[in-house]
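K.L.:
Quick one: the structure is below, and I'll ask about it shortly.
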Amino acid sequence: MIDIHCHILPGVDDGSADMKESLNMARKAVEAGITHLFATPHHLNEKYVNVKSDIIDRAVRLNESLQQNNIPLTIHPGQEVRIHRDIFSSLEKEEILTLDDNVTYLLLELPSGRVPAYTQEVIYELLLKGITPIIVHPERNKELITNHKLLFELVQEGALTQITSGSIIGNFGKSIQSFSKKIIEHNLAHFIATDAHNIGSRGFTLQQAYEKITKVYGIERTFYFKENTELLLQGLSLIIEKPVPFKKKFMGIF
Ligand code: FE
């Protein structure tokens, strides 16, 4: 399996503290069936900077350590970019790192409590530059939880989303789990990823989430999410289903 969002690089953010912890996380990821991992440290989110060149260097070093320790996992450099007015000057300064060499997909983080007024404009401007933002864990955003329609509008505009595996299996509570389900049912989710920060409470629960999705929606839905991670890794076009507005009632029960 491929995980497109995690905090495994040592000592750069609120994820792994040091190389020892990174190697332990890597072992857990392998045990959980993950072969490729995008290391996506926080960028611009008040505390952490983590510019592109630095992340690439650190990912090389972590891959070397993985090889030395015979851990069969490949790290790909990435970044979780907090939405910010300065995002375009960061892009110009080449501080921003997309998930692929074609500069196509970018993990975009909203503040947890709200959706800033300039969000739609940032998405629009990114799309104009050929960059498709993947909004990470929209199911955990307090404003989107109460305003589903806004999420529909962001996806309709061209943004993609990534649901966190822990949300699907209930690790963040019932309301986040239930919103995750609604997002999937309305074709507003394009990826599932762990956003792993450690080997404890924020670990690699990708397989459990896929099992839950298979149980509720059938194996095709799991294949859809898995295939998008494969396509992303290979730099190919993703499968994007037509978003469904929030009106209909659905039957699936988590
Ligand atoms: Fe994250």
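K.L.:
Can you name every residue in segment 187-205 that is away from the ligand (no atom under 14 Å from the Cβ) and open to solvent by less than 10 Å² (accessible area, probe 1.4 Å)?
P.N.:
Passing the criteria: Leu188, Ala189, His190.
K.L.:
Scan segment 112-130 for residues that are surrounded by fewer than 20 Cβ atoms within 10 Å (Cβ to Cβ) and touching a strand residue (DSSP E or B) at 6+ places or on another chain (Cβ under 7 Å) and report the count.
P.N.:
0
K.L.:
If you don't mind, there's one more thing I want to ask. Test Ile184 against the criterion of being within 25 Å of Gly33 (Cα to Cα), modelled with pLDDT of 95 or more and of a type outside the set (S, T, N, Q), and give yes or no.
P.N.:
Working: within 25 Å of Gly33 (Cα to Cα): yes; modelled with pLDDT of 95 or more: yes; of a type outside the set (S, T, N, Q): yes.
Answer is yes for this residue.
K.L.:
In segment 65-111, how many are part of a loop (DSSP other than H, G, I, E, B), β-branched (Val, Ile, Thr) and open to solvent by less than 20 Å² (accessible area, probe 1.4 Å)?
P.N.:
Taking segment 65-111 as the starting set, the residues that turn out to be part of a loop (DSSP other than H, G, I, E, B) are 69-73, 78-79, 83-86, 93-104, 110-111.
Now restrict to residues that are β-branched (Val, Ile, Thr): 71, 83, 96, 98, 103-104.
Still in the list and also open to solvent by less than 20 Å² (accessible area, probe 1.4 Å): 71, 83, 96, 98.
Residues in segment 65-111 being part of a loop (DSSP other than H, G, I, E, B), β-branched (Val, Ile, Thr) and open to solvent by less than 20 Å² (accessible area, probe 1.4 Å): 4 in total.
K.L.:
How about segment 221-250: which of its residues are in contact (Cβ under 8 Å) with a residue 12 or more places away in the chain and open to solvent by 80 Å² or more (accessible area, probe 1.4 Å)?
P.N.:
Just the residues of segment 221-250 that are in contact (Cβ under 8 Å) with a residue 12 or more places away in the chain, to begin with: 221-222, 224-230, 232-233, 235, 238-246, 250.
Listed by number, the residues that qualify are Glu227, Glu230, Ile240, Lys242, Phe250.
K.L.:
Could you look through segment 40-61, keep only residues that are among the β-branched types (Val, Ile, Thr) and open to solvent by 20 Å² or more (accessible area, probe 1.4 Å), and pick out the one that is farthest from the ligand (Cβ to nearest atom)?
P.N.:
Within segment 40-61, the subset among the β-branched types (Val, Ile, Thr) is 40, 49, 51, 55-56, 60.
If we keep only those that are open to solvent by 20 Å² or more (accessible area, probe 1.4 Å) too, we end up with 49, 51, 56, 60.
Values: Val49: 15, Val51: 17, Ile56: 18, Val60: 21 Å.
Among residues in segment 40-61 that are among the β-branched types (Val, Ile, Thr) and open to solvent by 20 Å² or more (accessible area, probe 1.4 Å), the one farthest from the ligand (Cβ to nearest atom) is Val60.
K.L.:
With respect to Gly218, determine if the residue is open to solvent by 10 Å² or more (accessible area, probe 1.4 Å), within 16 Å of the ligand (Cβ to nearest atom) and small (Gly, Ala, Ser).
P.N.:
Values: open to solvent by 10 Å² or more (accessible area, probe 1.4 Å): yes; within 16 Å of the ligand (Cβ to nearest atom): no; small (Gly, Ala, Ser): yes.
No, not satisfied.
K.L.:
Here's a follow-up. For segment 116-128, does any single residue satisfy the condition of being under 12 Å from the mean Cα position of the chain (by Cα) and not charged (D, E, K, R)? Spell out the reasoning first.
P.N.:
First pass over segment 116-128, keeping only residues under 12 Å from the mean Cα position of the chain (by Cα): none.
Looking through segment 116-128, none of the residues is under 12 Å from the mean Cα position of the chain (by Cα) and not charged (D, E, K, R).
K.L.:
Let me ask something additional. Among Gln208, Gln177, which is the only one that is touching a helix residue (DSSP H, G or I) at 6+ places or on another chain (Cβ under 9 Å), open to solvent by 40 Å² or more (accessible area, probe 1.4 Å), under 24 Å from His7 (Cβ atoms) and away from the ligand (no atom under 16 Å from the Cβ)? Lay out the reasoning, then the answer.
P.N.:
Working: Gln177 fails: open to solvent by 40 Å² or more (accessible area, probe 1.4 Å).
None of the others qualify; the one that does is Gln208.
K.L.:
If you go through segment 120-139 one residue at a time, do you hit one that is in a helix (DSSP H, G or I) and within 16 Å of the ligand (Cβ to nearest atom)? Even if it seems obvious, please write down each step before you answer.
P.N.:
The initial filter retains those residues of segment 120-139 that are in a helix (DSSP H, G or I), namely 120-128, 138-139.
This time we only want the ones that are within 16 Å of the ligand (Cβ to nearest atom), so: 138-139.
Taking every residue of segment 120-139 in turn, at least one turns out to be in a helix (DSSP H, G or I) and within 16 Å of the ligand (Cβ to nearest atom).
K.L.:
Take segment 1-22 and flag every residue that is in contact (Cβ under 8 Å) with a residue 24 or more places away in the chain, away from the ligand (no atom under 11 Å from the Cβ) and surrounded by fewer than 18 Cβ atoms within 10 Å (Cβ to Cβ).
P.N.:
Passing the criteria: Met19, Glu21.
The values are calculated or read from the model by the stated rules, or taken from the named source; none is laboratory data. Predicted model, so just to flag it, every value in this text is computed and none were measured. All Cβ positions, even for glycine, are placed from backbone atoms using ideal geometry, and neighbour counts span all protein chains on display. Remember, those area values only see protein heavy atoms, side chains included, never the ligands or the DNA or RNA. Shrake-Rupley method; radii C 1.70, N 1.55, O 1.52, S 1.80 Å.
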